[in-house]
Amino acid sequence: MFNRLSLKIGVLFFGFILLIGGILYYILYIHLANGRIEEVIHNLLARGNTHSDVLEDNFTDTTMEHVGLMESESDFVVIITDADGDVLVRSDPLQPEMTEIINQTNYDAIPSDGIVVEDKWQEKRYLATDSPISIQGEHRGHVFMFAPTEQIRSILDQLSEQFKLIGVIAVAVTIITILILSRFITVPLMKMKQATEQLSEGNNDVELSVERRDELGELSKSIQSLADDLDRLKNERKEFLASISHELRTPLTYIKGYADIIHRQPLPEEELKTYIGIIREEADELSDLIKNLFELAKMDRHSFVVKKQAVHVYELINSIVDLMQPTLQKNKLTVSIQCPKDRLVLVDPNRFQQVVLNILDNAVKHSPHHSSITIEVETYGDEVDIVIHDQGEGIPEKDLPFVFERLYRVEKSRSRKSGGSGLGLPIAKEIVESHGGTIKLNSRYGQGTSVFIRIPGRGTA
């Protein structure tokens, strides 16, 4: 049971409040008690000094009786003695404790402004002060003032009871607060626990409240985001598997179909060559698809190796364009290269060639005859921007966020010959990012497409 977070929080909070309350109770009680004692003693000594001043001016029986009568109406006791300690006047009956204090007093050591002769209120029945009476330098007597400690203890007992009542109320309020706070904290945590259990069971249909703006709200938001991502990945995996099945099934269907035709009946040599060419073409398509899937699998396993080296970006791009010349000429396209010839980039030449070839291949497939493709290279500090722009049909705005997703095609009805396998741009993105670079695509339908690649540079040669 103690393993419950709410109970742990409650016990810790309750213990903390109890500790603070106990310390405050002790400090306040001692402070108030000492303050009350000091107040009584100060008042007692002041009254005694006042009486001694009066008696120094008029040391007569009448004056002494008047002082005794006045104190008999108060909560204090006054005893007036002569210089030898013999009692002359008293306001109340003499108690043994009073006699003991009077007899133990060292009359020669009493200062003129009086002295406290008993202040142990917890042990004695009376607090006591002694104010000497001196007339023209002659020691004539003493004014002893007594205050019963029973009243002080009664007041302090009442104060203690009030503190205890306040303590009980504070404990009750604390317990209620702990219950509310524990529920406020643990209920969201329990919901998050249930959500994570759902996720672990493969159920991504999780809805958590993310309206709170504290740490629990942030945690809830993170779990909700994780659930959404898992759900999206699950759907993407289904779509990916469906797309892969379709991509594999199509060439295999062609290969099997034409192979069956060749196997079933003898064909004219020309027709046979055509069918064999189709089978070879579909086999090449299938081989390219499997190769691309293998590349993506290596990237996902982080076993994709990039061997960077400093190369001239102009020479690299120019060699890639040379490789594309047969295809460019076939489609009546021209390529314009705008690039400083001495600029170096830090890349894996083979991998980066694959990136540019993928992008140029897309540009060729979707550009009209007699149009041009522009490759611009610009330097920004230690980085190099490569922009490839075509004058093709462009990409609809709704498709732009998804062009780097695996097996995504802008037009689902496109054949693989015109639309590709849908793996070229995802592979290009992985390769660029493995170089510490970025790639993005801007396009307007009917106005062409621009691909922006930013990679680390290496100065000039």
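Arranged from fewest to most other beta-carbon atoms within 10 Å of their beta carbon, SER450, SER220 become SER450, SER220. Labels on offer are [x] 73, 58, 43; [y] 72, 51, 45; [z] 158, 56, 37, and the one holding Cα extents along the principal axes in Å computed from this structure is [z]. Residues whose amide H falls under 5 Å from that of ASP92, counting only those 5 or more places apart or on a different chain, are VAL78, with hydrogens built in the peptide plane. Expressed in units of 2.2 N^0.38 Å, where N is the residue count, the Cα radius of gyration of the range 84-154 is 1.14. When you count the other C-beta atoms within 10 angstrom of each residue and take the mean per peptide, 388-396, 167-175 line up highest first as 388-396, 167-175.
Exposure proxy shown here: for TYR275, TYR408, the number of other Cβ atoms within 10 Å sets the order, fewest to most, as TYR275, TYR408.
Calculated mean residue ellipticity at 222 nm for the chain: -20000 deg cm²/dmol, from DSSP H runs with n ≥ 4 weighted as -39500 (n - 2.57), summed, divided by the residue count and rounded to 500. When +1 charges are put on Lys and Arg Cβ atoms and -1 charges on Asp and Glu Cβ atoms, the dipole computed for the range 5-155 relative to its Cα centre reaches about 1240 debye.
Peptides 262-269, 351-358 ranked from most to least packed give 351-358, 262-269, packing being the mean of other C-beta atoms within 10 angstrom over each peptide's residues.
Put simply, the amide H of ILE135, placed in the peptide plane, has neighbours under 5 Å in ARG140, leaving out anything fewer than 5 places away on its chain.
Across all directions, the average projected area of the convex hull around the alpha carbons of the range 341-410 is 6.4 nm². Taking the range 307-460 on its own, what percent of its Cα-Cα pair distances exceed 24 Å? Considering the range 307-460, 29 percent of its Cα-Cα pairs are separated by more than 24 Å.
Each residue of the range 134-141 was assigned a 3J(HN,Hα) from its phi angle through the Karplus curve 6.51 cos²θ - 1.76 cosθ + 1.60 (θ = phi - 60°); the sequence is 10, 10, 6, x, 9, 6, 10, x Hz, with glycine and proline shown as x. Principal axis extents of the Cα atoms in the range 94-225, from largest to smallest and rounded to whole angstrom, are 104, 28, 20.
Amide H contacts of ILE373: THR334, VAL335, SER336, each under 5 Å away and 5 or more positions distant or on a separate chain (H built 1.01 Å from N in the peptide plane; Pro and chain starts excluded). Distance between the pseudo-spin-label points of ASN43 and ASP205 (7 Å out from Cα toward the beta carbon): 7.8 nm. Pairs of Cα atoms nearer than 8 Å and 6+ residues apart set the relative contact order; for the chain it is 10 percent. On full extension, the segment bounded by TYR29 and LYS341 gains 103.5 nm, given 0.36 nm per residue less the C-alpha separation. Here the mean projected area of the convex hull built on the C-alpha positions of the range 215-300 is 7.2 nm². Work from the charge dipole of the chain (Cβ charges, +1 for Lys and Arg, -1 for Asp and Glu, about the Cα centre) and give the residue of THR374, ILE79, PRO268 farthest towards its positive end. Checked the options; the winner is PRO268.
Values in this text are rule-based calculations from the coordinates and carry no lab data. These numbers were taken from a predicted model, which means no experiment stands behind them. Heads up, the Cβs are rebuilt from the backbone with ideal geometry, glycines too, and the neighbour counts pull from every protein chain shown.
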